[in-house]
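Single-structure report; data block below.
The values are calculated or read from the model by the stated rules, or taken from the named source; none is laboratory data. Please read these numbers as outputs of a predicted model, since none were measured by experiment. With ideal geometry, Cβ positions are generated from the backbone for all residues, glycine too; neighbour counts draw on all protein chains shown. All accessible areas refer to the heavy atoms of the entire protein, side chains included, with ligands and DNA or RNA removed. Shrake-Rupley method; radii C 1.70, N 1.55, O 1.52, S 1.80 Å.
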Amino acid sequence: MFSTRLPSDLAANRLADAVARRRRDGNAFIDLTGSNPTRARFDYPQELLAPLADARGLVYDPHPFGIESARRAVALDYQRQGVDVPIERIVLTASTSEAYSLLFKLLCDAGDAVLVPRPSYPLFEHLTQMDLVATRPYALEYHGRWSIDVESLEAAITLRTRAVLIVSPNNPTGSFVTTPELDRLAAICARRQLALIADEVFVDFALEDEADRRAGRPLLREDVLSFSLGGFSKSIGLPQVKLGWIAIGGPAAAVRDALDRLEIVCDTYLSVSTPVQIAADELARRGSAVRSQILQRIRSNYQCIQEDVLRVPSCSVLRSDGGWSAVMQVPTYESEEELSLRLLERYDVLIHPGYFFDFSRESFLVASLLTPEDEFHEGVARILRHFACTARPS
């Protein structure tokens, strides 16, 4: 009766079941998995969302790519990052997830494929499946820092490949795609006539000074058709206002052809609300205060976990350039699932196991740097205590 676009197995995993039981029974725990900034004890200005009440929002005047003032606000945000994008090349969406879906409709027929990084956020599998698109992974390798295994990427390309997805900085590895890496990717995509889709939602959150400035930006190139994704969900910590965007770069003729076709797709849905478009410029200005708080916290927590792990030689923190996650490598005494369950049940700490993000081997734990500092410090301390106090778990 139901579509094969949706998963056939809807059962929760063991860790999700354990978390649900704890919450149902009222058993408190430290949550190191939170990715919702509105639940992370940031100080949101009281009048931050007041621009949504602008009376102009009472008039519906739809535009497939979004109203001009809102797209100009996005262009100004790119200028803040040192990237110039004409507003004619900016397309508004309700979210980054929707942006992916629009691009899959633009670029792919049913059964076509896109290349996705591994490890990375597990959302891609669901998004592609819902648009009848296949995913083929390429590897990120760690040798003191994360980098793209270009050989594995080229080996993953088939006659049905339509696009290469990059996430910069990646979630959860925190690795920016460097300019030399982007040079190689652009050459591959141009030669194979593949589009490059760059998810840059975490670009504002460099954990080291100037790490973001050293990153390659596809929008600055003219040799490959590229689509860069961003949104208020991450840039100003407002996932609930539902405003994302696609910025398009590359050869003028290819960009024009893409826009002509994307206009049909966007005009079919018209999903972005009028009030948020009218408020976009003011929200971007006011939201910078939230962005500053997020940046301060993730840098503080990243420094904390780097310092704390030095006291436990069997554990380490992998280098991260940006984003909201920290990756710990820990001894393999048991499966990551068993370890995560043990940490929850014995130490009252919830943390993501690495297999959630498709790490190629064990054992890794992924902590959210958004966690309030006091909880983050205590949660990390409990995890490290587990490995410091026993050679093998009982």
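Here are some notes:
- Some residue of the range 44-56 being out of contact with any helix residue (DSSP H, G or I) (no Cβ under 6 Å at 6 or more places or on another chain), charged (D, E, K, R) and either buried (at least 19 other Cβ atoms within 10 Å of the Cβ) or assigned to a helix (DSSP H, G or I) (or both): no
- Residue match in the range 125-134 (condition: touching a strand residue (DSSP E or B) at 6+ places or on another chain (Cβ under 6 Å), open to solvent by 30 Å² or more (accessible area, probe 1.4 Å) and assigned to a loop (DSSP other than H, G, I, E, B)): no
- The lone criterion from (1) touching a strand residue (DSSP E or B) at 6+ places or on another chain (Cβ under 7 Å); (2) part of a helix (DSSP H, G or I); (3) open to solvent by 20 Å² or more (accessible area, probe 1.4 Å) left unmet by residue 65 is number (2).
- Selection from the range 91-124 of residues that are modelled with pLDDT under 95 and either touching a His at 6+ places or on another chain (Cβ under 8 Å) or in a loop (DSSP other than H, G, I, E, B) (or both): 121, 122
Quick grid of which residues meet (1) at negative phi; (2) touching a strand residue (DSSP E or B) at 6+ places or on another chain (Cβ under 6 Å); (3) in contact (Cβ under 8 Å) with a residue 40 or more places away in the chain; (4) not aliphatic (A, V, I, L, M):
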{"site": "102", "(1), (2), (3), (4)": "yes, no, yes, no"}
{"site": "110", "(1), (2), (3), (4)": "yes, no, no, no"}
{"site": "116", "(1), (2), (3), (4)": "yes, yes, yes, no"}
{"site": "138", "(1), (2), (3), (4)": "yes, yes, no, yes"}
{"site": "144", "(1), (2), (3), (4)": "no, no, yes, yes"}
{"site": "152", "(1), (2), (3), (4)": "yes, yes, no, yes"}
{"site": "160", "(1), (2), (3), (4)": "yes, yes, yes, yes"}
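- The residues in the range 25-59 that are aromatic (Phe, Trp, Tyr) and closer than 27 Å to residue 348 by Cα can be counted, and the count is 2.
- Residue count for the range 231-287, restricted to those that are without any contact (Cβ under 8 Å) to a residue 60 or more places away in the chain and in contact with a strand residue (DSSP E or B) (Cβ under 7 Å, 6 or more places away or on another chain): 1
- Of all residues in the range 203-215 being modelled with pLDDT of 95 or more and open to solvent by less than 20 Å² (accessible area, probe 1.4 Å), the one that is farthest from residue 288 (Cα to Cα): 207
- In the set 233, 152, 228, 175, only one residue is open to solvent by 10 Å² or more (accessible area, probe 1.4 Å), closer than 30 Å to residue 52 by Cα, at pLDDT 95 or above and not aliphatic (A, V, I, L, M); that residue is 233.
- Remark: residue 342 falls outside the filter, which requires a residue to be open to solvent by 60 Å² or more (accessible area, probe 1.4 Å), part of a helix (DSSP H, G or I) and of a type outside the set (A, V, I, L, M, F, W, C).
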